[in-house]
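What follows is one structure encoded as structure tokens, with my remarks underneath.
Only the coordinates and a few stated rules stand behind these numbers; no lab work does. The structure displayed is predicted, hence computed values, not measured ones. Virtual Cβ from ideal backbone geometry, glycine too; neighbours counted across all protein chains shown.
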Amino acid sequence: MNIRLVKAPISIVFSVLSFEDELYAREFDRLGESDDDPISHWLKLARAKGDTADTDPVLLNLIIELHRKIDALEMFLKNEEPKRVSLAYEAEIESIGFEHFKLSAELLEEGGEYYGRVAMPVHPKRDIALFFRAVNGSLAQIIKMHERDEKEWSAYLTARERVLIREARESKS
């Protein structure tokens, strides 16, 4: 099996899947595209009605991100935290591929299935939920991820490849 991985310094929290526990599935759905924050929901409705046709998309996205930052500040000031399922392990991801990732330490049990949240270092910053299966002690294959998250994951992978190619060229010069 030939798996291409690219160095990517990101973090993951995860737990072993348990069949009787639906908390993971609920959180997966909540973090997915079906249950966006209120401003995203409003934006989808406005776009569907055609209310954003005459609006500059870059400016609209910036204003929405400012609104999200204000919401985050408000949550911080009220000492509120987003409700997340408590997960057992925290690890660093060493490298990623389109359908795989490799942890920096051997924390997985071969063949085991897991649920995790990855803190994506993209704009806007957010966690993506995924289910994965351990290929070996540190290599995992992604089983399930939301479509929007797959696109973000792939875009991040491509951006990391570009950075590494640029660094390799500069080191040869």
Going highest first, how would you order 161-171, 104-114 by mean Cβ packing within 10 Å? 104-114, 161-171
How large is log10 I(q)/I(0) at q = 0.13 Å⁻¹ when the Debye formula is applied to the Cα atoms of the range 87-132, each weighted equally and without solvent? -0.31
A chain fully extended from Phe98 to Ile3 at 0.36 nm per residue, minus the present Cα-Cα distance, gains in nm 33.3 nm
Distance between Cα centroids, the range 87-101 to the range 126-173: provide it in whole Å. 9 Å
If you line up the long axis of helix 147-172 against the longest principal axis of the chain, both from Cα atoms, how many degrees apart are they, to the nearest 10? 60 degrees
With Cβ to Cβ distances under 10 Å as the rule, what net charge do the other residues near Leu103 carry (K, R +1; D, E -1)? -2
Simple spin-label estimate for Glu147 and Leu73 in nanometres, 7 Å along Cα-Cβ: 3.6 nm
Leu23/Ser173 FRET efficiency (R0 35 Å; Cβ-Cβ; nearest 0.05): 0.10
Looking only at Cα atoms, what is the convex hull volume of the chain per residue, in Å³? 166 Å³
Filtered chymotrypsin sites (Phe, Trp or Tyr not before Pro), the range 1-76: DSSP coil and at most 16 other beta carbons within 10 Å: Phe19
Using the reciprocal of the averaged 1/r over all distinct C-alpha pairs, how large is the Kirkwood radius of the range 1-101 in Å? 17.3 Å
Projecting the Cα atoms of Leu139, Ser86, Ala72 onto the charge dipole of the range 27-144, where Lys and Arg contribute +1 and Asp and Glu -1 at Cβ, the residue farthest towards the positive end is Ala72
